[in-house]
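Single-structure report; data block below.
Rule-based calculations on the coordinates, nothing more; no lab input. Keep in mind the model is a prediction, meaning the values are calculated, not measured. A quick note on method: Cβ atoms are made from the backbone with ideal geometry, for glycine too, and the neighbour counts reach across all protein chains shown.
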Amino acid sequence: MWIFLATEVMFFGGMFLGYSVYRGWYTAAYGEASRHLDIVLGAINTGVLLCSSLTMALAVHAAQLGGRRVVTLFLIATIVLGSVFLGIKGFEYYHKYEEHLIPGPDFHFEGPNAGHAQIFFSFYFVMTGMHALHMIIGIGIMLLMIRLTRRGRFSPEYYFPVEMTGLYWHFVDIVWVFLFPLLYLVDRS
Amino acid sequence: MSEHIVEKKIYYKVFGVLMALLGATVAIAYIHLGKLNVIAALTIAVIKAVLIILYFMHVRYSSRLLWIFVGAGFFWLGILFALAYSDFLTRGWLPLPTGWE
């Protein structure tokens, strides 16, 4: 599992590298564009995701002790929190759509840095989109884990899949921990 | 696989620290520090990531072999950034020839 996560680190790492290289070149445009993101929604989403990591950790903890009901409850809580995150993210995307900030023929941005701002928004949508896709996959895996738990496949001796699901979910959380400050925060002041 | 069962109390504590760091990083973002803003934001992000890896992902209680695998992932990420930036950061250091003459 950790080898898979290492490949995931490289996958997201490439995007972070691209982001930071362009940030070095077009610092001013990045600053302007970044201020169009909603910091409150971003912060709430970070909190929601951290909560979901806690419920996930507690689900694994329950699996270690063999509490089938508790595992299911905490997994459902994690799925709900993950869905809240995706909902808020979708709302933010819709807002960007209304403001014509989605890169493409419809892109509209005031000022001389419009072209470079478009690059920022391209990174924004690709990185958060990839992150959201990982979350959707994570939610799918958790639904499977709930099914298996209810069928009594896991015990304190064998809860490996639940633990691996946890590792995956925490990894997705860590990606967001870096995305949030880089996209929303660093050009704020 | 970690056989060690972490106490619930530790999860709650780590979660509390993570939320406090989230508050701190948002607050610092509004204070004008110039280049320090990026450094502060990234430092806090790294602290949060390390806490999640060590406690939520149980790495702290895992075998040394697993530490190597985790470390290798980030080591390779380091290579990616180091080699890429050894190009991008040094491009302006030498005068460029104007063409093939």
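Tabulated data for the structure shown
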quantity	calculated
Protection proxy ranking, peptides A:177-184, B:24-31, average beta carbon neighbours within 10 Å, highest first	A:177-184, B:24-31
Top of B:LEU18, B:LEU51, B:LEU65 by mean-square fluctuation, Gaussian network on chain B, Cα under 10 Å	B:LEU65
In the stretch A:100-189, the GluC sites (Glu not before Pro) that fall in loop regions by DSSP, at most 10 other Cβ within 10 Å	A:GLU110, A:GLU157
Whole-Å distance, taken between Cα centres, linking the stretch A:100-145 and the stretch B:7-26	28 Å
Cα-based equivalent ellipsoid of the stretch A:1-107: semi-axis lengths in Å, sorted from largest, via gyration tensor	34, 20, 11
Dipole of the protein assembly as shown, positive end: most advanced residue of B:THR98, A:ALA117, B:LEU80 [Cβ charges, Cα centre]	B:LEU80
Tail weight of P(r) past 30 Å, computed on alpha-carbon pairs of the protein assembly as shown, percent	35 percent
Convex hull volume per residue in cubic angstrom - Cα atoms of chain B	131 Å³
Neighbour count of at most 15 Cβ within 10 Å plus DSSP loop: longest trypsin sites (Lys or Arg not before Pro)-free window in chain A	A:36-150
Theoretical gain in end-to-end length, B:LEU80 to B:ILE39 [0.36 nm per residue, Cα-Cα removed]	12.8 nm
Percentage relative contact order, chain B, counting C-alpha pairs under 8 Å, at least six apart	28 percent
Alpha carbon convex hull of the stretch A:64-123, projected area averaged over orientations, nm²	5.9 nm²
For B:22-31, mean number of other protein chain Cβ atoms within 10 Å	5
P(r) histogram, all alpha-carbon pairs of the stretch A:51-95 included - 10 Å bins from 0, percent	32, 38, 19, 10, 1
Cβ-Cβ FRET estimate between B:VAL17 and A:ILE44, R0 fixed at 22 Å, reported to 0.05	0.70
Cα lying deepest toward the dipole's positive end in the stretch A:1-155, options A:TYR97, A:THR55, A:HIS131, charges on Cβ	A:THR55
Dipole magnitude of chain B, debye to nearest 20 (Cβ charges: Lys/Arg +1, Asp/Glu -1, about Cα centre)	440 debye
Geometric extent, Cα atoms of the stretch A:105-150 - Rg, Dmax (angstrom)	18.0, 58
Given charges at beta-carbon only (K, R positive; D, E negative), |dipole| of chain A in Debye	840 debye
Normalised convex hull volume, the stretch A:75-189, alpha-carbon set, Å³ per residue	114 Å³
